[in-house]
Amino acid sequence: MLYGLSDMAYNAVTPMRLAARASRDFWHSPFNPAADTTLGRSLYAAADLFANLTRRYGKPEWRIDSVEIEGELVAVREETAWSSPWCRMVHFVRDADDLKRAGRTKPEPAILIVAPMSGHYATLLRGTVETFLQDHEVYVTDWVNAREVPILDGRFDFYDYIDHIRSMLQALGPRAHVLAVCQPGPPTLAACATMAEENDPCRPASMTFMGSPIDARLAPTAPTRMAAEKPFAWFESNLIYTVPPPWPGALRRVYPGMVQLTAFISMNAERHQEAHQQYYDDLVHGADLDAAKHLEFYDEYLSVMDLTEEFYLQTIDVVFQSHLLPRGLLEHHGRRVKLEAVTDIALMTVEGEKDDISGVGQTQVAHALCENLPETMKELYVQPGVGHYGVFNGRRFREEIYPRVRSFILAHEAA
């Protein structure tokens, strides 16, 4: 029903959106003598804002063609290193000749960055990837929108997520490194623990968790409180919808990205209204650089993906209501996930002082849970003055957090 109404609304407003685009082009044309007048800029700004607010936002491109290393521009290309119907493991391959010119002749640590599967696409970590490319062979989990996966390809749940992480680490080979951002913390920790228990040679050399709800009972935030306080049946009854034709995943039951986006926006509705008002003012006054930054942010922020019903509901149950992993009760393939089996996978946790999604304490509890891991292989860091997104993106991430993570990985790469 929700999908049908959404498609109807999109189609109904299409004539107005097309008219707004035509008006935008007319009032921004260099051949229009009134384009640079106050009236012309105001009409252009209004038309542009309407066109952007009513269009659909598809999956963003990675747009990582190069990275600067030691003052040299190193070309980068994407390759699919592993895939399933639900995920591509993307390898950002740096040009070997460019690396030599930059003085990098020795192999550098391979790291799997596990992107969140919680509404936004993996490209939300574009800045994270660009930063790690300076010193690592970077691989990223590029999750597929559930509405794009035909129902004949089967289910995808929380436990399949664990298996996917294991399979990708095994594809990378022995002693790579893994970094999980936000939502994937619990299943990634579970995957590492099962590999450790089995003495899998492809278990990672280190694991880093950034702003992850390893134990959501600690330092409750608005999202974790809502997930814990609402009855489980409420999520199933109110947030799950059926994908209609002509989407490839027609008839699949999903938690739609548009629903999660509405929740995101409602948490800070006033701030988003102010941001769009500022965008309009920037267009009117010719502040093109500021307007471009607004578009870049919202092109990513408004691009959302659906999650399968089973993955979403199991995450609510396992992570936010039953807290199975920190209680030592999570089972996978009929066996208990034993965090005490982790004895030689170095552990680092990173949290943001002002994180209002995964509060301080929810991630660092992993150190206590991995009780048999030597203290010399643990590192805990809380970044002052940053919120959730500042943990893995932005200036403070690049200048203060990343150097610590890099040093941690290098220390255990050498070991």
Residue tally, condition at negative phi, touching a strand residue (DSSP E or B) at 6+ places or on another chain (Cβ under 9 Å) and either aromatic (F, W, Y) or exposed (fewer than 15 other Cβ atoms within 10 Å of the Cβ) (or both), over segment 377-400: 6
Of all residues in segment 208-219 being touching a Ser or Thr at 6+ places or on another chain (Cβ under 7 Å) and more than 19 Å from N393 (Cβ to Cβ), the one that is surrounded by the most Cβ atoms within 10 Å (Cβ to Cβ): I214
Test result for H294, closer than 30 Å to Y57 by Cβ, free of Cβ contacts under 8 Å to residues at least 24 places away in the same chain, in a helix (DSSP H, G or I) and not basic (K, R): yes
Failed item in (1) on the phi < 0 side of the Ramachandran plot; (2) at pLDDT 95 or above, with H323 passing the rest: (1)
Matching residues in segment 132-162 - criterion: being buried (at least 24 other Cβ atoms within 10 Å of the Cβ) and β-branched (V, I, T): V138, V140, T141, I162
Residues of segment 275-291 classified as of a type in the set (A, V, I, L, M), surrounded by fewer than 20 Cβ atoms within 10 Å (Cβ to Cβ) and in a helix (DSSP H, G or I), total: 3
Pair list, Cβ under 7 Å, 6 or more apart: segment 257-274 residue closer than 18 Å to Y312 by Cβ, other residue part of a loop (DSSP other than H, G, I, E, B): G257/G119; G257/M305; G257/D306; V259/L239; Q260/G119; L261/G119; L261/L302
Subset of segment 97-126 (residues that are over 24 Å from F311 (Cα atoms), part of a loop (DSSP other than H, G, I, E, B), in contact with an Asp or Glu (Cβ under 9 Å, 6 or more places away or on another chain) and not hydrophobic (A, V, I, L, M, F, W, C)): G103, R104, P107, E108, P109
Within segment 244-274, considering residues that are within 30 Å of E310 (Cα to Cα) and basic (K, R), the one surrounded by the fewest Cβ atoms within 10 Å (Cβ to Cβ): R253
Wholly within segment 127-222, strands (runs of 3 or more DSSP E) carrying at least 1 residues that are among the aromatic types (F, W, Y) and assigned by TED's automatic domain parsing to the domain that holds M377: 137-143, 206-210
Residues satisfying the stated conditions in segment 32-64, i.e. of a type in the set (D, E) and touching a residue at least 12 places away in the same chain (Cβ under 8 Å): D48, E61
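The values are calculated or read from the model by the stated rules, or taken from the named source; none is laboratory data. Computed from a prediction, not measured in an experiment: that's the story for all the values here. All Cβ positions, glycine included, derive from the backbone under ideal geometry; neighbour counts span all protein chains shown.
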